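Note sheet for the following structure.
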Amino acid sequence: MADQQMSAETLRPVVAIDGPAGSGKSSTARAVAARLGFAHLDTGAWYRVLTWIGLRDGVDPADAQVLNSALAHFDQVVASSFGADRITVGGVDVTEAIRTPEVSQSVSRYSSVPAVRDHLNHAFRHLAATTSAPGLVVEGRDITTVTFPDAAVRILLTASVDARARRRAAQLGSDDVAGIAQRISERDARDLTVVDFANAADGVTLLDTSDLTLDEVTETVADLVAASTTKEHHE
Ligand code: DC
């Protein structure tokens, strides 16, 4: 596994971005990838796809045999949908379905199983090693610490619960900022039982986006990538 990570790293730079829901992680990862011409890997979307399959098939995460067959199905979906605009599972377009509250609330049933995390991390490293893009921006919760601890650039995006709730409310056209903040806190608490993404690990750059625009965050991340490339050339 370590060899595979190293070779993925030497061949193509990985920009690893972790952070909680609503920190601006996805918008930033997408914008940075577009700017650098890199591929974008939203690992949360893939945890959601596995969960969608699990819910549809009534997969008990404690039943190893059933779980393995769901993971094999998952691998087929990754192979056919990674890089595509839409994600399809057995001919069903699940691009929107994986974002429903039912899926969001059920992810941790599967994502907390170590065999699931190992399997998905292996799939993510394989994508990094085989993408035809010159680099990859990967976003998630444990990308800087577990999936790509040797990534060229590692960033933890944070934002206050209030800032995240205000952004979400604006997206939804809702004025219930307090209710949204409550749900964000509950989601953080649930996600934090699986992975600690609240603290930046050694060598990870902490970037608080509470008072920054998307353009400012994108600029900062792109600068970090440029600085890492310059540093590499001087080593
Ligand atoms: O980023 P998101 O909110 O779409 O992630 C969906 C879920 O997947 C969320 O419950 C956290 C989980 N996740 C994870 O456990 N590890 C990752 N690398 C990415 C997401």
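The values are calculated or read from the model by the stated rules, or taken from the named source; none is laboratory data. Because the structure is a prediction, the values reported are computed rather than measured. In this analysis, Cβ positions are derived from the backbone assuming ideal geometry, glycine residues included, and neighbour counts consider all displayed protein chains. Note: accessible area is taken over every heavy atom of the protein model, side chains too, but ligands, DNA and RNA are not part of it. Shrake-Rupley method; radii C 1.70, N 1.55, O 1.52, S 1.80 Å.
Does Leu157 qualify as being within 13 Å of the ligand (Cβ to nearest atom), closer than 21 Å to Val14 by Cβ and in a helix (DSSP H, G or I)? Criteria not met by Leu157.
The set of residues in segment 41-78 being outside any helix (DSSP H, G or I) and touching an Asp or Glu at 6+ places or on another chain (Cβ under 8 Å) consists of Leu41, Asp42.
A residue that is within 13 Å of the ligand (Cβ to nearest atom) and open to solvent by 10 Å² or more (accessible area, probe 1.4 Å) can be found somewhere in segment 83-92. Against the numbered list (1) assigned to a helix (DSSP H, G or I); (2) open to solvent by 40 Å² or more (accessible area, probe 1.4 Å), Leu206 comes up short only at (1). Here the condition is being away from the ligand (no atom under 16 Å from the Cβ), surrounded by fewer than 19 Cβ atoms within 10 Å (Cβ to Cβ), at pLDDT 95 or above and closer than 22 Å to Thr193 by Cα; of Asp75, Asp63, it holds for Asp63 alone.
Scan segment 134-163 for residues that are closer than 17 Å to Ala45 by Cβ and open to solvent by 20 Å² or more (accessible area, probe 1.4 Å) and jot them down. Within segment 134-163, Arg141 is the sole residue that qualifies.
Give segment 123-145 a look and list any residue that's farther than 19 Å from Ser81 by Cα and either more than 8 Å from the ligand (Cβ to nearest atom) or touching a Gly at 6+ places or on another chain (Cβ under 6 Å) (or both), or say none. Correct list: Pro134, Thr144, Thr145. When Ala34 is tested against (1) open to solvent by 50 Å² or more (accessible area, probe 1.4 Å); (2) small (Gly, Ala, Ser); (3) within 12 Å of the ligand (Cβ to nearest atom), exactly one condition is not met: (3). Within segment 169-189, identify whether any single residue is of a type outside the set (D, E, K, R), crowded, with 18+ Cβ neighbours inside 10 Å and within 14 Å of the ligand (Cβ to nearest atom), and answer yes or no. Checked segment 169-189: at least one residue is of a type outside the set (D, E, K, R), crowded, with 18+ Cβ neighbours inside 10 Å and within 14 Å of the ligand (Cβ to nearest atom).
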